[in-house]
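All remarks here apply to the structure that follows.
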């Protein structure tokens, strides 16, 4: 389709360079404008007495780390789901995985006053896994087309959201605390929490990369994969586990951020390569770039009160999705 | 051509040019359903902070009982029951219509952005309009939001025609966008609006007034008539485009008309009660299982079951956690969860 | 003697599918009261041709004539009363019974007032009887076997009571016994009820056995049209399917039987 194919490696380098630029912008932006020179100073020659240096290395750096990791995680989770279900419309947001994680977290905060990060993350994983399983069971009947899967995902998401809302209505104190976070936010996390979750995320990303060659085989179809000797059950289970880890960790870090897991893999597939060896790293990088950019935008335009990131990614993601839909082959259902 | 199996008693309702096929055993089941509806309605009127006996309820309704009773019944409980019935019924029929049109049993009005669209409009109204315009305009805003969403979804999905898959996907996307708008307003809007908006979002018949009911009835009457007139077309549309066209239906025109009907019915219901998610998903399923899959009869059953569901949910909200009065939407969601589990178990057996 | 126009014909028909030209200027007249079968390899345009006759696809150029008049000028209801179409993978809504399904076939004859006239009832009963499904009328369609399900769909199009029946690959996905069952039914409907049948079949030999009139297509153009006995020979099979064969007379029915062979396995020397 593309006449001049740029080598995948070049795309990765470009994305990495873009990330560096955006990272710098992210560290500069905020209610307190900090000059790039000061930022670099803060990173290299950190001086705890200078206020700006402190801001850079605490709140701003944590936001950058969160945005990067969460963006990468959601994008890779989306790519994994699309490979596993062989359906280009799969994504954690659309398939209830995010909503399930949110519900689990809300349930936990309802019963435990100040839950430790481990509990929240564990709950997120559990919720993500349950929702994902529900969608899988509901949506994959024999002779069912992609419509059924999408509808199962939508229905599961709606159910989780309804229950979440119900709980928040009953327990009104939680509502105010959680509301902002629910919409997706990179804020209000101290570095220790972030560092606590980061290893899980990185493990998930690593695991995904290891699965890459197997996913290419899986994409060829169940029968082909079996014929080529692949242990499909194990691969699917491992992929499912990776998705739960990535989506669960992402949600517990930053709330529910939609459309990243849907759009980034499509973009990466078209620009870089459909082979997972290149696709997954590309997704990670593109996802990180996207979310850092969104984060910068959210803080730059928000004034004193920032824009929830989830709203931003949806506002951008939906038009892109609809354009993709109209141009793509999904027309003839 | 005659044979032994041709001699069957001719079952038909015929009167002049008018002819209909009687629903058969389904009619009996429908009657039972309506009976159940009445029982729950009476129970709903009895229950509450101040329990009344059915006899007292009857007396209050006919104007013979104590004045305090009549007040409670006529001003507080009866409106809730009637609203639950109307809204639930509308959602049930709209859900059945959508599932038939999309040819998938997992479709629901929320999918076309009805719920989220109404919610976004309502929340916008509560946050920015409540001070400026009388709160009586809230349902109008909500219905406008629902219709706008429905139109947007259809227009965006239309590319020389509309396929169920594209419709569903566009619906999910637009619904997400509407939800994002809602979230945005909740987070950034004036703080006092947040809680009332959130409560509205959960869906409830609390505080129903006769004006609300009058307004809803004014919408639903013509829509109901339209549904009765178009029912037989819906059944054909459910066969798929090629067959429907082969049978002589103008597919695109009929689909647009029926979708508008579904969105309008669901939008009207949701504008009065807030999004009662899952009523439009569950009621058609139960209706089809109990009554059968012929559209006309199933539509009546779906309306009855939808009304029943919302009434039971409201009743539960008033009684189970007394003295708190919880929104009906919570229990509809809980029922939805139970229903889902059951659907999954069935799907499992099917796939095996 | 008045000349009744042929029920279905096309003139200079050019059709695109997904903006790819598929049919290039076809001229065909289909014989009334006979079984016509379109044959050809995949992608030759036979399904497209059938859909164009059914008015499911609009032609780029040229016209399709139904009863001598342009089909595009006639109303949907008129067309539905003149021809019925059974598409390739018809799916019934979950749980619908056979009787409910066949009833839907009466749609073009009904209006809001008249939804179950005596005529409707008689046609449905006759359709069920002719397809041998009277005993199964209250069974859900999705619990039937492949052959029974296909018969239910045929019953629905029968109830439509249109003189012309179009069927797009009615035997695909069926095992051999059910294929014969369905084709025998279609043959009987043609003989007993005088239906004009037009169908697409992918099995050349079954087409040769059941067709009165065979239309062979290749790359969107008609290669041959006529009775199988006259038209089907080795050169035709080579042109249409790119396949070598021998044509013999079917030992049971006498119709042409194609015995194909390729470049791999050769028949044994003593043949």
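From the set of residues in the stretch B:313-328 that are under 17 Å from the mean Cα position of the chain (by Cα) and modelled with pLDDT of 80 or more, which is farthest from the other protein chains (Cβ to nearest Cβ)?
Across the stretch B:313-328, the extreme among qualifying residues is B:314.
Kindly indicate whether residue B:145 is more than 10 Å from chain A (Cβ to nearest Cβ) and either in contact with a helix residue (DSSP H, G or I) (Cβ under 6 Å, 6 or more places away or on another chain) or without any contact (Cβ under 8 Å) to a residue 40 or more places away in the chain (or both).
Yes: the conditions hold for residue B:145.
Given the residues C:168, C:250, C:184, which is the only one that is modelled with pLDDT of 90 or more and out of contact with any strand residue (DSSP E or B) (no Cβ under 7 Å at 6 or more places or on another chain)?
So the residue among C:168, C:250, C:184 that is modelled with pLDDT of 90 or more and out of contact with any strand residue (DSSP E or B) (no Cβ under 7 Å at 6 or more places or on another chain) is C:184.
Could you tell me which of the residues B:185, B:172, B:153 is facing chain A (nearest Cβ under 8 Å), out of contact with any strand residue (DSSP E or B) (no Cβ under 9 Å at 6 or more places or on another chain) and assigned to a helix (DSSP H, G or I)?
Answer to the selection: B:172.
Do you know which residues across the stretch C:76-123 are assigned to a strand (DSSP E or B) and more than 25 Å from residue C:57 (Cα to Cα)?
Those that are assigned to a strand (DSSP E or B) and more than 25 Å from residue C:57 (Cα to Cα): C:97, C:114.
Which residues, taken from the stretch A:245-274, are under 22 Å from residue A:325 (Cα atoms) and part of a loop (DSSP other than H, G, I, E, B)?
Passing the criteria: A:257, A:258, A:259, A:272, A:273, A:274.
Return the pair list, or none, for Cβ contacts closer than 7 Å from residues in the stretch A:155-183 that are closer than 25 Å to residue A:135 by Cβ to residues that are surrounded by fewer than 17 Cβ atoms within 10 Å (Cβ to Cβ) and modelled with pLDDT under 80, at least 6 apart or on different chains.
Taking only residues 6 or more apart or on different chains, the pairs are A:159/B:337; A:163/B:337; A:167/A:110; A:168/A:174.
Does the stretch C:119-131 contain any residue that is over 23 Å from residue B:20 (Cβ atoms) and more than 9 Å from every other protein chain (Cβ to nearest Cβ)?
Yes, that holds for at least one residue.
Which members of the stretch C:65-92 meet the condition of being touching a strand residue (DSSP E or B) at 6+ places or on another chain (Cβ under 8 Å), farther than 15 Å from residue C:8 by Cα and more than 8 Å from every other protein chain (Cβ to nearest Cβ)?
C:88
Got a number for residues in the stretch C:240-271 being free of Cβ contacts under 8 Å to residues at least 24 places away in the same chain and exposed (fewer than 14 other Cβ atoms within 10 Å of the Cβ)?
Total satisfying the criteria: 20.
Can you find even one residue in the stretch C:136-156 that is under 18 Å from the mean Cα position of the chain (by Cα), closer than 27 Å to residue C:52 by Cβ, more than 10 Å from chain B (Cβ to nearest Cβ) and not in a helix (DSSP H, G or I)?
No.
For the stretch B:71-82, check the following and say yes or no: at least one residue is under 15 Å from the mean Cα position of the chain (by Cα) and either closer than 21 Å to residue B:295 by Cβ or in a helix (DSSP H, G or I) (or both).
Checking the stretch B:71-82: at least one residue is under 15 Å from the mean Cα position of the chain (by Cα) and either closer than 21 Å to residue B:295 by Cβ or in a helix (DSSP H, G or I) (or both).
Just wondering, is there one or more residues in the stretch C:54-64 that are within 16 Å of residue C:170 (Cα to Cα) and within 14 Å of chain B (Cβ to nearest Cβ)?
Yes - at least one qualifying residue is present in the stretch C:54-64.
In the stretch B:202-230, how many residues are within 12 Å of chain A (Cβ to nearest Cβ) and within 16 Å of the chain's Cα centre (by Cα)?
Final tally of qualifying residues: 3.
Which one of A:69, A:12 is closer than 22 Å to residue A:310 by Cβ, under 20 Å from the mean Cα position of the chain (by Cα) and in a helix (DSSP H, G or I)?
The match here is A:69.
Checking residue B:233 against (1) at the interface with another protein chain (Cβ under 9 Å from one of its Cβ atoms); (2) not in a helix (DSSP H, G or I): exactly one of these is not met. Which one?
Checking residue B:233 against (1) at the interface with another protein chain (Cβ under 9 Å from one of its Cβ atoms); (2) not in a helix (DSSP H, G or I), the one that fails is (2).
Looking at B:10, B:44, B:19, which one is assigned to a helix (DSSP H, G or I) and either out of contact with any strand residue (DSSP E or B) (no Cβ under 6 Å at 6 or more places or on another chain) or at pLDDT below 85 (or both)?
Exactly one of B:10, B:44, B:19 is assigned to a helix (DSSP H, G or I) and either out of contact with any strand residue (DSSP E or B) (no Cβ under 6 Å at 6 or more places or on another chain) or at pLDDT below 85 (or both), namely B:44.
Which residue out of A:265, A:319, A:281 is surrounded by fewer than 24 Cβ atoms within 10 Å (Cβ to Cβ) and modelled with pLDDT of 85 or more?
None of the others qualify; the one that does is A:319.
Write out, first by first residue and then by second, each pair whose Cβ atoms fall under 6 Å of each other, whose residues are 6+ apart or on separate chains, and whose first residue, in the stretch A:229-256, is at positive phi while the second is assigned to a helix (DSSP H, G or I).
A:255/A:181; A:255/A:182
Among the residues of the stretch C:1-16, which ones are in a strand (DSSP E or B) and exposed (fewer than 15 other Cβ atoms within 10 Å of the Cβ)?
Once the filter is applied, which keeps residues that are in a strand (DSSP E or B) and exposed (fewer than 15 other Cβ atoms within 10 Å of the Cβ), the stretch C:1-16 yields only C:12.
Suppose we filter A:163, A:167 for residues that are more than 25 Å from residue A:81 (Cβ to Cβ), assigned to a helix (DSSP H, G or I) and modelled with pLDDT of 70 or more; which single one remains?
A:167
So which residues in the stretch B:299-312 are over 17 Å from residue B:266 (Cα atoms) and within 14 Å of chain C (Cβ to nearest Cβ), if there are any at all?
none
The values are calculated or read from the model by the stated rules, or taken from the named source; none is laboratory data. The shown structure was predicted, so the numbers you read here are calculated from the model rather than taken from an experiment. Note: ideal-geometry Cβ built from the backbone for every residue, glycine included; neighbour counts use all protein chains shown.
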